[in-house]
Amino acid sequence: MARYLSGSSSSPSSSALPPTSPLIDLTSSPSLPSPPTTSVSTSQRSGGKTSYIWNHGKKIVGEGKDRWQCNHCRRSYAIIGSSTSNSRDHLNLDHGIPDPKAPVDTTQSTLENYRRPPIRLDVLRKLIVEWIVERRHAFHETDSEALHKIFEYLDPRSTNALMSRNTLKADVNKYFQTAKATIKESLSLARSRIHISYDLWTSPNHKAMIAIVAHWTAEDYEVKTALLAIREVHGEHTGENIANVVYPAMKEYDIHTKFGYYVGDSATNNDKSLKYLDQFMRDEGYNGFNIDQRRLRCFAHEMQIAVKGLLFGPNVRELEEYPATAGVTEEEKREYAKKKWRSFGAVGKLHNVVKYIRGSPQRREAYSIVRDELQKEAHKKLKVPVMDNDTRWGSVMDMINYAVKNKVHLDMYCRGIEELEDDQLTVQDWVDLNAVYYYKINLKMGRLPCSCNRSKC
């Protein structure tokens with residue numbers, strides 16, 4: 001959202017530095033006082049002096065008069081009785097070193113307040129909103145007493161930007177509508193049709209959500225991508241239910257008449273959703289579209305299917321399914337799945353090993369003990385094993401990549417574990433895993449061997 005919001009920021013300025021880190025201007029050449037004609041006293045804390053000015057200067061005697069000389073710029077001021085106001089004003093105004101014991105009255109307009117840079121409360125409020133949204137904080141975060149103390153310490157005036165939860169919620173909606181209007185205007189000026197992609201996922205609070213993304217060529221001929229909406233899908237994940245969420249979002253941005261192509265995975269409900277989108281457009285009097293021509297497949301997903309088919313064969317989805325259900329225990333199902341995975345060679349055995357490690361907190365802890373010992377020897381941090389699954393694209397390759405880079409670690413852990421006796425990776429298994437790993441590297445770098453089998457192609 002922030003990338004579509006125009007905003008201004010105040011010029012950076014230095015705040016007062018603590019006494020231990022004085023601000024010293026090395027470029028200026030201040031005028032120095034005339035050298036004293038009599039011997040000087042260099043004591044900074046003589047005679048029971050307790051003012052903080054003696055931490056930053058010393059007493060000198062010249063021409064029969066006592067003077068305080070600054071350690072930072074060598075300027076000096078006459079000492080009149082017990083008054084130190086001239087010296088304190090010099091440290092505060094010229095070096096930004098205020099008296100730490102001086103009381104601060106935030107309600108009184110003083111010279112110090114006027115010297116501070118102005119605070120744009122509207123800009124600060126927008127920054128707070130962006131922080132809340134980006135970090136997914138609760139709206140009542142701004143009620144935190146600790147947060148108020150931080151703002152008050154930095155600048156008491158900034159606390160006025162800390163809104164109540166209701167005001168913060170209203171600000172979030174306001175900035176969202178501003179960003180939405182900006183995207184809508186850009187879409188209206190697009191030099192291409194508006195292409196969309198959408199996919200279903202499950203939120204952390206177990207809601208079925210769909211993310212809708214637009215892709216287009218902007219007025220300046222740059223390719224743009226923007227998230228249009230994240231909406232909840234109610235009921236079954238059918239093509240009709242998906243279209244019932246996507247089509248209203250397209251109409252909100254006025255792109256339903258400029259629809260170009262859809263890119264998504266090969267799920268059949270995505271194909272059916274396009275049929276309903278075409279039907280909705282025609283029912284409202286708009287031109288429909290050729291579904292077969294406008295349907296594009298996600299290359300990453302197709303590659304995932306191809307790689308898993310290459311590694312496991314066409315029936316990979318049946319690996320975790322037991323053919324019979326009546327009178328079969330969960331233990332028997334797990335044992336069947338292990339044997340089925342093991343029959344696919346090195347990758348299947350690696351799957352069983354990783355699944356075993358991640359199967360309980362105790363196994364993870366035992367793995368961590370081995371990991372900690374190896375970390376000391378390798379002088380680097382080792383991660384937990386990566387598990388493959390059907391929904392995370394490239395997860396099989398991630399699992400293999402982890403295994404190849406942590407071979408010693410995995411071999412050491414598997415020794416002596418009876419449950420993994422049949423799944424311990426042999427020398428040939430590691431050769432096979434390395435072959436798959438380097439095949440993936442060559443594929444990524446575009447160095448796959450040509451199918452024509454020529455030495456040069």
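The values are calculated or read from the model by the stated rules, or taken from the named source; none is laboratory data. Since we're looking at a predicted model, the values are computed, not measured. Glycine also receives a Cβ, built like all others from the backbone with ideal geometry; neighbour counts cover every protein chain displayed.
Things worth noting here:
- Among the candidates Gly288, Gly235, residue that is free of Cβ contacts under 8 Å to residues at least 60 places away in the same chain, over 19 Å from Ile183 (Cβ atoms) and over 33 Å from the mean Cα position of the chain (by Cα): Gly288
- Residue within the range 348-358 that is under 23 Å from Met303 (Cα atoms), modelled with pLDDT of 75 or more and either in the same structural domain as Ala267 (by TED's automatic domain parsing) or of a type in the set (Lys, Arg) (or both) present: yes
To keep it simple, each residue is scored yes or no on (1) within 23 Å of Tyr253 (Cα to Cα); (2) of a type in the set (Gly, Ala, Ser); (3) more than 21 Å from the chain's Cα centre (by Cα).
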position	(1), (2), (3)
Ile128	no, no, no
Lys174	yes, no, yes
Gln177	yes, no, yes
Ser188	yes, yes, yes
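- Output for the range 162-171, where each listed residue is assigned to a helix (DSSP H, G or I) and either aliphatic (A, V, I, L, M) or over 29 Å from Phe139 (Cα atoms) (or both): Leu168, Ala170
- For the range 233-277, filtered to residues that are among the acidic types (Asp, Glu) and in contact with a strand residue (DSSP E or B) (Cβ under 9 Å, 6 or more places away or on another chain), the residue that is surrounded by the fewest Cβ atoms within 10 Å (Cβ to Cβ) is Glu252.
- Evaluation of Asp271 against (1) modelled with pLDDT of 85 or more; (2) in a loop (DSSP other than H, G, I, E, B); (3) among the acidic types (Asp, Glu) (one fails), failing number: (2)
- Among the residues making up the range 217-232, those that are in contact (Cβ under 8 Å) with a residue 24 or more places away in the chain and exposed (fewer than 11 other Cβ atoms within 10 Å of the Cβ) are Tyr221, Glu232.
- For the range 205-217, the criterion of being touching a strand residue (DSSP E or B) at 6+ places or on another chain (Cβ under 9 Å) and of a type in the set (D, E, K, R) is met by at least one residue.
- Test for Thr325: is it among the β-branched types (Val, Ile, Thr) and at pLDDT below 95: yes
- Residue check for His409: within 35 Å of the chain's Cα centre (by Cα), over 28 Å from Met303 (Cβ atoms) and either part of a helix (DSSP H, G or I) or at pLDDT 90 or above (or both): yes
- Residue count, the range 194-216 (criterion: of a type outside the set (A, V, I, L, M), buried (at least 16 other Cβ atoms within 10 Å of the Cβ) and either under 14 Å from Phe259 (Cα atoms) or within 20 Å of the chain's Cα centre (by Cα) (or both)): 5
- Filter pass, Lys169 being over 19 Å from Gly264 (Cβ atoms) and surrounded by 13 or more Cβ atoms within 10 Å (Cβ to Cβ): yes
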